[in-house]
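Read the structure below first, then the notes.
The values are calculated or read from the model by the stated rules, or taken from the named source; none is laboratory data. This structure is a prediction, so every number in the text was calculated from the model and none was measured. Here Cβ is always computed from backbone atoms with ideal geometry, including for glycine, and neighbour counts include all displayed protein chains. Note: accessible area is taken over every heavy atom of the protein model, side chains too, but ligands, DNA and RNA are not part of it. Shrake-Rupley method; radii C 1.70, N 1.55, O 1.52, S 1.80 Å.
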Amino acid sequence: MITLAALEGVIDASGTAARIEAMLPIGVRCRQLSVRTLLAGMCLTQADGRPAHLTRVRQALTSLPEDDQRRLGVIMDWKNGPHRLTYRQAEYTAGLVADALAGDEPSGQPSPALQTVCGSLLEASIPDELKDASRSLAADWTDMESFSRPPPGKGGPCADPEASWGHRKNNLLRSEDELFFGYYLSACVMMPDENGPAIPELARRMTLSSCRHDPVRALVPVLTAMPEDGIPLGDILADSGYAHRDPGAWAIPLRQAGAALVQDLHPHDRGPKGTHDGAIISNGNLYCPKTPRALLELGPLARSATREDAAAHDARTAELARYKLSRLTRDDADGYHRVACPAAAGKIRCPLRPASMTLDRDRPEILQPPQHPQACCTQQTITVPPEINAKTAQKHDYPSAAHRRSYARRTGAERGFATTKDPATNDISRGWCRLMGLTPLMLAITCLLVVRNQRILAAWDARQEENQRRAAKGLPPKTRRRRRSTLASLATGPP
């Protein structure tokens, strides 16, 4: 059960209520419903699993104990006696907040003020002891349907001018995407660092954009602004939908902000893609010109692969790593770095590098060196400009075992969206929020993610207490056991 005190603590720690109040116009008489109380009511509504309707917000506030109602201003003493908050007052304050946080023109993207408010609320929902527990973030986007009907086919206005037509995956047998009218919701969920301790998967940043805008380009400014707020970036886990964008839209801005990319490559970006000074460009790295073609065309491990298949795949990727040009320096201020021939680094044997022929024969050997060797074979090192592998370079070699283990953390973003689309709690399908426009919808989703973080923290604390209790008794931590009956077990079992 999420308490009112916990939600008020998040709102006060974020400082958003006072920031928004300073943006609102000063009326002739004092408003009964303050911004702080409105945000508390929106969070209480999500905590109870109610839709994000203003009538539900008023019901959540008026159902509080009388002492809390008077403290929050839900009940105030007027000259004719006590007065309880009305729906028109809730609608009035919500409209003022939406107008203050909206941009000058409906552009389909959040204004800087709205993005700052939503980021502050999410950051305040993360306890101080967990803010520096991990720097890894899993990014993904999903559909957010508007309550408005689409514009007429012959043209004309609709109730939500910022919404637009978009594509989403469906659960049907056919493979084509499904059209919907609304927005793209992007979110970044905290994930454990590599070889780091387990942490609760808390939503740390989010943004909402119209479907006529690229969700990848809409999320990049949100991530690159985090170091300016004192939150350094670590691993950014993303699927091929992010990696397939042009380098200036995703990879380059995040690298400049200090992030390390761990992403899946689109099939169009895999395999050999040209040369640089004779070295083969493939999967974000430079390889020896005599690298076997079969190794360069290795793809990711199939989901249905067995342990034997995984072991064989890992052996081939380890062999491919021997042909990779070894990096010697970090990127300088202009993005240049230097690499060395794998034979000069002692990873393979090559007649063009006589010193490498004295190495053990367990290393791969180049039997037929190039007849006209280029710079990668004749020089000790070569310089790699920033435009080489600008799109596909990442933290681990693709598709190695280290990359597979690190990339497996990305599913945390999908679990984050699953908790926000759970019909048992808060189902953000069409009709969940009936307010039109990006600003009120984004503010409602932020309150939902704040409540979701509180649920995740409560479950995490309960699990830690259970593990401590079991450790005091000398028992191992409780793990999940999936008991599944198979056809084979039913066939061999007793009748």
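Compared with the direct C-alpha span, the chain from Thr275 to Thr479 gains 68.5 nm at full extension, assuming 0.36 nm per residue.
In a DSSP loop and with at most 14 other Cβ atoms within 10 Å, the GluC sites (Glu not before Pro) in region 328-437 are Glu387. Put the Cα centre of region 93-109 next to the Cα centre of region 1-64 and the gap is 17 Å.
Checking every one of the GluC sites (Glu not before Pro) in region 259-341 against DSSP loop status and a limit of 15 other Cβ atoms within 10 Å picks out Glu297. Charge tally around Thr16: other residues with Cβ under 13 Å, Lys/Arg +1 each, Asp/Glu -1 each, net -2.
When only Cα pairs under 8 Å and 6 or more residues apart are kept, what is the percent relative contact order across region 163-262?
For region 163-262, the relative contact order is 21 percent.
Per residue, region 140-211 exposes an accessible area of 49 Å² to a 1.4 Å probe, with every protein chain left in place.
When only Cα pairs below 8 angstrom with a gap of at least 6 residues are kept, region 337-489 shows a relative contact order of 12 percent. Accessible surface of region 136-277, 1.4 Å probe: 51 percent of it comes from carbon and sulfur atoms. Pairs of lysines in the chain whose Cα atoms sit within less than 22 Å of one another amount to 11, provided the residues are eight or more positions apart or on different chains.
As a length-normalised measure over Cα pairs under 8 Å and 6 or more apart, the relative contact order of the chain settles at 17 percent.
Ignoring ligands, DNA and RNA, please state the percent of accessible area on region 298-346 from carbon and sulfur, probe 1.4 Å.
48
Run the helix sum for the chain: -39,500 (n - 2.57) per DSSP H stretch of 4+ residues, divided by residue count, reported at 222 nm to the nearest 500 deg cm²/dmol.
Theoretical 222 nm ellipticity from helices: -10500 deg cm²/dmol.
Got a number for carbon plus sulfur as a percent of region 26-65's accessible area, 1.4 Å probe? Roughly 53 percent, rounded to a whole number.
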